[in-house]
Every structure is written in structure tokens, then in C-alpha cells.
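Just so it is clear, none of the values below were taken in a lab; they were calculated from the coordinates. Because the structure is a prediction, the values reported are computed rather than measured. Ideal geometry is used to build each Cβ from the backbone, glycine not excepted, and the neighbour counts take in all protein chains shown.
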Amino acid sequence: MYTLIFFGIVAIVLIYGISLYNNLVSVKNAVAKAWANIDVLLKQRHDELPKLVEVCKQYKQFEQSTLQKVIEARSQVQSAGNRQDIDALGQAEGMLRAGLGRIFALAEAYPELKANESFMQLQSRISNLENGIADRREFYNDAVSINNVHIEIFPANILAKMFGFDEKTLLVFSAEEKMDVNLQQLFN
């Protein structure tokens, strides 16, 4: 009788442990899926930016330093994304967003550029990608939060340590990087 009770308890603990492990795997994969969704949009934007820069270059008066900053930021975003370095990605994203804001703001000063159909299509496409990235970033951060909570709560934290489930980093931008572009400063 005691043997049956012992094996019953062992079976319950084992089933509970398997359930916890499977839950940890599930939240880890949710983080990976959320990151993949961001990565897809980053790659799409990465492919669109050279087209936007090329259209802008066709206007000789257009500010070359602005274009150079966007090109450099684009490279940093891609590099950080490939390394999955969330902190570096947050910084590079801020630089890229500021550069894009500057391009779009400066386009107001160049009526020919602003009226260019290719520029307008690219501007719209990139703006839509920016909105998509913001949405996916929120989804990624939700998945990371769920992952981090699951690996910290007892008794899942024991299994998390045993099987190497680790805490993930939230993708955040500094307050300065989230501010709107100061148009007055751009034209001074």
C-alpha cells in the first residue's frame, strides 16, 4: 500500500515537472518567434532604406550628412539584429529613427523631392514598417516578460536553472530616442 502511494506521489511530481518544463519551452519559443517577427520587419526596412537614400541623392541639394547618418544607423541595426544584441539594437534603432525623421522633415524643404512619387511611396512603406516594428517590439517585450516571470517563479525556477533557461532582455529605447524630431533645430 505504501509502495503504491509512494509511486503515485512520484508520478504526480514527475508529471508536474514535465508540465513545468514544457511550459518553459513554450515561453522560450514564444520569445524566439517574437524576435523572428521583428527580424523580418527589420530586414524589410533594411531593403527599403537604400532605395529611399538613392531617391534623395538624386536631389543634389539634399543634405548628404543626413543620408550618411541613416546609412550608418542602418548598418548598426543590421549588425545588432544579426547578433541579437538587444541593447545595441535599441541604440541603433533610436539613431535610425532620428535619421529617418530628419529625412522626412527635410523633404518638406525640397518640394521636388516631396512631390516625387518614388519618395512618397518609399516614405509610406518605411512609415508602415516603423509602425509594424513598434507593434512587434511590444509583442516581443510581452513574450520576454512572460519568459522572465516563468523562469523566476517557484518551482519552475529550479527546472529553469537545471536546464539552462535564461532571462531575456527587453527591447527598450531611451526617452531621448523616442522624442519627436525637433524641426526648428533641423533648419537652424
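Using a Gaussian network model of the chain in which every pair of alpha carbons under 10 angstrom is joined by a spring, one finds that among Lys57, Lys69, Lys161 the greatest mean-square fluctuation is at Lys161.
So what's the angle, to the nearest 10 degrees on a 0 to 90 scale, between helix 64-83 and the longest Cα principal axis of the chain? Roughly 10 degrees, rounded to the nearest 10. Tell me, what is the percent relative contact order of the stretch 2-186, built from C-alpha pairs under 8 Å that lie six or more residues apart? Once normalised by length, the contact order is 33 percent. By the count of neighbouring beta-carbon atoms within 10 Å, fewest first, Phe165, Phe139 end up ordered Phe139, Phe165. Applying a DSSP loop filter and a limit of 15 other Cβ atoms within 10 Å to the GluC sites (Glu not before Pro) in the stretch 107-156 leaves Glu108.
Kindly provide the helix-only [θ] at 222 nm of the chain, computed as the sum of -39,500 (n - 2.57) over DSSP H runs of four or more divided by all residues, to the nearest 500 deg cm²/dmol?
For the chain, the value works out to -28000 deg cm²/dmol.
The long axis of helix 117-152 is offset from the longest Cα principal axis of the chain by roughly 20 degrees.
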